[in-house]
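Reading through the structure tokens given below for one structure.
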Amino acid sequence: MPITASILETAASHPDRPAIVGGDDRLTYAELVADSRAVFAAVDALHRAQSAPPTPAPEAAGVPITAVSHTSAFLTARIVAGLAGFRAVSATIDPRWPLSHQVGIIRATGIGVVISDSPALAEALAASAWTGTVISATAFEAAVAAHRSDPDLTAPRVRAPAEPFLMLFSSGTTSNPKAFIKTREQYRANVAVSAAHLEPLPGVATLAPGPVSYSLTLYAVIESLATGGSVHVADEFDPAAMGRRIAEENVTRIVAVPAIVRALAEAADRDPERFAGLDLVVTGGANLPAVIRDRLGAVLPDTRLISYYGAAEIGFIGDSRAGDGTWITIYPTIGAQIRDDSGSPVPDGELGTLWILAAACSEGYVTGTSTEVLRGPDGWATVHDQGRMAGGLLQLAGRAGDIAVTGGHKVSLPEVERAYGTVPHLGEVVAIALPDANLGTVVALVIEDGGDRPTPTQEPESEPESESMAGLPDKAALLAHGRTQLAPQFVPRRFYVLDQLPRTVGGKIRRAETVDLIVNEQGRRL
């Protein structure tokens, strides 16, 4: 279902149904349709007023690109949804990206209008000789308000399938962003997969806390509106506020990153009544840590959990719903193969690079942001995730940088992390590869010293190499656990503790930065 067709149909049949709901703001479907006319008029006027507008990237096919770089999830969702029924390409830029990344992507892709409250970004763009327009949220609201009384505003309508719709990004926090375009046809294919498996049903109230610049949150906004549901957004996850909103707004579905699912479980443990109405939690990123899955199941036994796997460039690929969550069922309309470095399929059970065939896949990366090839001549695509197939199921092993070679063996570092996710009170861990004179590299496990652990009942041993810290299992216990769960070459040879693991702004652990900290002797060795 095209998003605009769904919005127009729902506005006609259920005009008072909430479409987008923020903490203090909301738009019904009827209000969203009316608002979209003024939003597009304001954006269109800003583009037309430029004497020398930036040239959109070729992949945008001449359609002007409008970006929102703002911390307000409601504002961002409203603008993206408002522009969906018009000739416009929308982009969401995380304002927490390094300033150089924001400027670089705006210039490289030919974004013409940026809605942002950052004086630093406006100054940096002006200094770079960019010819587009930066407008604050307040000034943009005034521009929208000025157009609302115009009786001749253009109405939203269903657009042609091949027309560019969204510009998305694969990175931006730790490396230069790679941009890619989703056409309307590609996004319709993506929504079709999501609607079939992740249950964004008509009338369902979905809570999607977090920045709309995250692809997971953006997808939740689009899929809810494209299926006639209501999407509740929040700039951050505040347990008390979210619990209240879930109860008062009859939210039955949550779409959130794993870190928020963990916080949700902790909040529900303290106040289960507010969360009792939750039917489904959907989280992105395969290999959801077992500790999160188990904790949610313990405090909300009637709430289902789906951990889906996808790539922003490609779309939804599959999900896991039971057991330890490590084996992923590929969706029926998606093709999946594991290939070696030469591009040939590998036997079942062997590690290799995952290739995907999906109708929702973008054609490639935007010129000027990456020279990397996304799709091969046969139409199959890869983002260089590593994994193995067995019995038609997929098990992921991480990206290429998540595979270590030690003693001639390939070791999946995420697989090591999964094995230690079942250790009680251990907290967050990350597996890394460290240089070694004999083996080239050895596998090490780094533990964050912030887990929910009992107070130790006896003094730790005095030897530094076997010291047990603040309730952590000692080295002997960690080795014993690894030997029962992993193949010998996967068992870590060294164990370290950090007070806090380095993370991206989205909460993902930075493996490479962890290596640097350990090599520079910032960790405590068990």
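The values are calculated or read from the model by the stated rules, or taken from the named source; none is laboratory data. For clarity, every value in this text was computed on a predicted model and none was experimentally measured. Every residue, glycine as well, gets a Cβ built from its backbone with ideal geometry; the counts of neighbours run over all protein chains shown.
So the values come out like this:
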quantity	calculated
Criterion: over 29 Å from Ala240 (Cα atoms), of a type in the set (A, V, I, L, M) and within 20 Å of the chain's Cα centre (by Cα) - qualifying residue of Ala142, Ala220, Ala122, Ala195	Ala195
Lone unmet requirement of (1) assigned to a loop (DSSP other than H, G, I, E, B); (2) surrounded by fewer than 21 Cβ atoms within 10 Å (Cβ to Cβ) for Gly228	(2)
Any chance Ile246 is modelled with pLDDT of 95 or more and either outside any strand (DSSP E or B) or of a type in the set (A, V, I, L, M, F, W, C) (or both)	no
Hits in region 61-87 - residues which are among the small types (Gly, Ala, Ser) and closer than 22 Å to Val221 by Cα	Ala67, Ser69, Ser72, Ala73, Ala77, Ala81, Gly82, Ala84, Gly85
Pairs where the first residue, in region 364-391, is hydroxyl-bearing (Ser, Thr, Tyr) and the second is assigned to a loop (DSSP other than H, G, I, E, B) and crowded, with 18+ Cβ neighbours inside 10 Å, C-beta under 7 Å, 6+ apart	Tyr365/Lys178; Tyr365/Leu374; Thr367/Ala57; Thr369/Pro177; Thr369/Lys178; Ser370/Lys178
Identity of the residue in region 485-526, assigned to a strand (DSSP E or B) and aromatic (Phe, Trp, Tyr), that ends up surrounded by the fewest Cβ atoms within 10 Å (Cβ to Cβ)	Tyr496
Residue under evaluation Glu141, criteria (1) in a loop (DSSP other than H, G, I, E, B); (2) at pLDDT 95 or above; (3) among the charged types (D, E, K, R), criterion not met	(1)
Residue in region 312-328 that is free of Cβ contacts under 8 Å to residues at least 40 places away in the same chain and buried (at least 17 other Cβ atoms within 10 Å of the Cβ) present	yes
Single condition Ile328 does not satisfy, out of (1) at pLDDT below 95; (2) out of contact with any Asp or Glu (no Cβ under 9 Å at 6 or more places or on another chain)	(2)
Single match in Val233, Val261, Val281 (criterion: outside any helix (DSSP H, G or I) and in contact with a Leu (Cβ under 7 Å, 6 or more places away or on another chain))	Val281
Residue under evaluation Ser362, criteria (1) surrounded by fewer than 22 Cβ atoms within 10 Å (Cβ to Cβ); (2) farther than 23 Å from Ser307 by Cβ; (3) modelled with pLDDT of 95 or more; (4) under 21 Å from the mean Cα position of the chain (by Cα), criterion not met	(1)
Strands (runs of 3 or more DSSP E) fully within region 161-222 counting 1 or more residues that are farther than 14 Å from Val255 by Cβ and of a type in the set (Lys, Arg)	179-183
Members of region 223-234 found to be over 21 Å from Ala247 (Cα atoms) and without any contact (Cβ under 8 Å) to a residue 60 or more places away in the chain, listed by number	Glu223
Single residue of Ala359, Ala322 found to be assigned to a loop (DSSP other than H, G, I, E, B) and under 22 Å from Val257 (Cβ atoms)	Ala322
Residues within region 380-404 that are surrounded by 13 or more Cβ atoms within 10 Å (Cβ to Cβ) and more than 21 Å from the chain's Cα centre (by Cα), tallied	7
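This table checks each residue for (1) modelled with pLDDT of 90 or more; (2) of a type in the set (A, V, I, L, M).
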residue: Pro488; (1), (2): no, no
residue: Pro492; (1), (2): yes, no
residue: Phe495; (1), (2): yes, no
residue: Leu498; (1), (2): yes, yes
residue: Leu501; (1), (2): yes, yes
residue: Val505; (1), (2): no, yes
residue: Ile509; (1), (2): no, yes
residue: Ile518; (1), (2): yes, yes
residue: Arg525; (1), (2): yes, no
